[in-house]
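Heads up, the thing below is written out as structure tokens.
The values are calculated or read from the model by the stated rules, or taken from the named source; none is laboratory data. Quantities reported herein were computed from a predicted structural model and do not represent experimental measurements. FYI the Cβ positions are ideal-geometry reconstructions off the backbone, even for glycines, and counts take in every protein chain you see. All accessible areas refer to the heavy atoms of the entire protein, side chains included, with ligands and DNA or RNA removed. Shrake-Rupley method; radii C 1.70, N 1.55, O 1.52, S 1.80 Å.
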Amino acid sequence: MGCPSKDLGADAVDDRADTGRAAELADGERAITMNKAYEIVLAGIERAFLDGSLTLGDRLPGERSLAERFDVSRSSVREAIRILDAVGLIRSAVGSGPGAGSVIVSEPAVGLSRALKLHVSARHIVPADVLTTRVVLESDAVASAAKAVAHDETGPNARTPGPSEVHLRRAGELLAEMRDPGIAKERFHDLDARFHRELCAAAGNPVTDIILASLSSSILDYVSAAAAATDDWSWVQAELTRQHAGLLDSILAGDADRARRECAAHIHWFATTTGIDAADR
């Protein structure tokens, strides 16, 4: 059963704004000047998020309703909806049934991943810089996860595991599958990416988790190509698995300094071994 669309409220934006002129909305001491009609729609929807008129799971009003509400063309509404979809704020479905329309979701990694990947593809950002940023953020994340383990009063054998422990158990299960000597390269790298996401999620910082997932996704094609070109894959797989095991062990031991060092060394080793760190330099 579909959820009903929400009224954005009378104070969302200035109704008198139209397609051909700029509109200004005060936001505390900050004023935003909008020269494109779709920005009027985006500003109104943002205001609706802030005042609670729109929340997760709500359905946006239809194109005609939004066009009338903000006094813009339906093509401007469609442009605004495309932007919201691209940044991971809505999920759209075509048709006329109960599941049609645009529903508010929260998938920030989707938009960030798309933007980063496009800039990497256009060579505005090089993979080596992505890796450098990943080392900084992920090393801190695994150190935070280790600290959480060290300060967990319930211990690893608690009857009801906390979120961090759940993520670390999943990481262990992924590592066990990666040990299979007959595993395909594509499957191994999928498990590898999920393993790192679980370790970062164990730190309990969703912003860091989102950024790291986006960084990894942005250079996925480079990683896949590097793996395909690796001559002695069995040795690389064994070494990666060994490093993964050491990293997970350091977190489970609550050793933040060791986890930080092993994470940085692991990422640098893979980048150097596969040549990703030199890509497009």
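Of the residues that sit in the stretch 126-150 and are without any contact (Cβ under 8 Å) to a residue 60 or more places away in the chain and more than 16 Å from residue 167 (Cβ to Cβ), which one is surrounded by the fewest Cβ atoms within 10 Å (Cβ to Cβ)?
Applying the filter and picking the extreme gives 136.
Taking the conditions exactly as written (among the aliphatic types (A, V, I, L, M), surrounded by 21 or more Cβ atoms within 10 Å (Cβ to Cβ) and at pLDDT 95 or above), does residue 212 satisfy them or not?
no
Do you know which of the residues in the stretch 68-115 that are within 21 Å of residue 56 (Cβ to Cβ) and open to solvent by 70 Å² or more (accessible area, probe 1.4 Å) is modelled with the highest pLDDT?
82
Quick one: which of 186, 239, 173 is at pLDDT 90 or above, farther than 15 Å from residue 141 by Cα, open to solvent by 60 Å² or more (accessible area, probe 1.4 Å) and assigned to a helix (DSSP H, G or I)?
173
Kindly list the number of the only condition in (1) assigned to a loop (DSSP other than H, G, I, E, B); (2) in contact (Cβ under 8 Å) with a residue 60 or more places away in the chain that fails for residue 230.
Answer for residue 230: the failing condition is (2).
For the stretch 246-275, name all the residues that are within 19 Å of residue 191 (Cα to Cα) and open to solvent by less than 20 Å² (accessible area, probe 1.4 Å).
246, 247, 248, 251, 263, 266, 267, 271
For the stretch 67-80, does any single residue satisfy the condition of being within 20 Å of the chain's Cα centre (by Cα) and in a loop (DSSP other than H, G, I, E, B)?
Among the residues of the stretch 67-80, not one is within 20 Å of the chain's Cα centre (by Cα) and in a loop (DSSP other than H, G, I, E, B), which makes the answer no.
Where the second residue is acidic (Asp, Glu) and the first is assigned to a helix (DSSP H, G or I) and lies in the stretch 206-226, which pairs have Cβ atoms under 8 Å and are six or more apart or on separate chains?
208/140; 212/138; 224/186
Pick from the stretch 218-230 the residues that are hydroxyl-bearing (Ser, Thr, Tyr) and open to solvent by less than 40 Å² (accessible area, probe 1.4 Å): which of them is modelled with the highest pLDDT?
218
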